[in-house]
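> This is the structure I have questions about; it appears just below.
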Amino acid sequence: MKKWISLLIMSSMLFVFGCAPADVGKNQIDYDETKKMVVDILKTDDGKKAIEDIMTDEKMKQNFVMGQPMVKKSVEETLTSEKGIEFWKKTFEDTKFVESYAKSMQSEHEKIIKGLMKDPDYQRMMLDILKNPEMEKEMTTVLKSQDFRKHFQTLISETFESPLFKAKIEDILIKAAEDLQKEKEAKKESGDGGNS
């Protein structure tokens, strides 16, 4: 990017020097005048188009944006700064945002898991692990342990606190309440109709 800009500036300066009248100080052009001329050239439609062409070049985009450590560092600092952490904490307190975020990640997680499940090497490793007698014995011991029960209770509690789970339960309860209301109204109407 710097090469292109310096090339553009150098060519502009050569153009200015070549077109300058011979009686203007012979090889001595004022810096401010040169600067003004270069800025004026860059502001023209041709100058803008040249810069636009340079900026739309795929190789230049990669070198300019993605390749710059400064950009990466800036993003990292923004995300890990106190303000960034505070922003993410507040954002993840919003159940609607967390639900949509989790849903957006869910398909990717499912793809990864499904991909692993179809992988013969992964399947073989899982079967080897599960068939291992020591593993069976260990699993039985773990499942009967007090620590596992506590962990399982914690897991259930966390599930109940999950925004996705809360949203699903909320939807189920609302639907059940609506269905119950419809049933009551239907019984009331059939009861009123039978009395007349």
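The values are calculated or read from the model by the stated rules, or taken from the named source; none is laboratory data. Predicted model only: the values in this text are computed from it and were never measured. Counting neighbours? That spans all protein chains shown, and the Cβs are built from the backbone with ideal geometry, glycine included.
> Quick one: which residue in 85, 112 is in the same structural domain as residue 164 (by TED's automatic domain parsing) and under 26 Å from residue 163 (Cβ atoms)? Full working, then the answer.
Numbers: 85 fails: in the same structural domain as residue 164 (by TED's automatic domain parsing).
After applying the criteria, what remains is 112.
> Filter segment 98-131 down to residues that are under 30 Å from residue 87 (Cβ atoms) and among the hydrophobic types (A, V, I, L, M, F, W, C) and give me whichever is surrounded by the most Cβ atoms within 10 Å (Cβ to Cβ).
We begin by selecting, within segment 98-131, every residue under 30 Å from residue 87 (Cβ atoms); these are 98-112.
If we keep only those that are among the hydrophobic types (A, V, I, L, M, F, W, C) as well, we get 98, 102, 105, 112.
On the way: 98: 17, 102: 14, 105: 10, 112: 10.
In this case the residue turns out to be 98.
> Listed residues 80, 95, 159; which is touching a residue at least 40 places away in the same chain (Cβ under 8 Å) and among the hydroxyl-bearing types (Ser, Thr, Tyr)? Explain how you work it out, then say what you get.
Details: 80 fails: touching a residue at least 40 places away in the same chain (Cβ under 8 Å); 159 fails: touching a residue at least 40 places away in the same chain (Cβ under 8 Å).
From the options 80, 95, 159, the qualifying one is 95.
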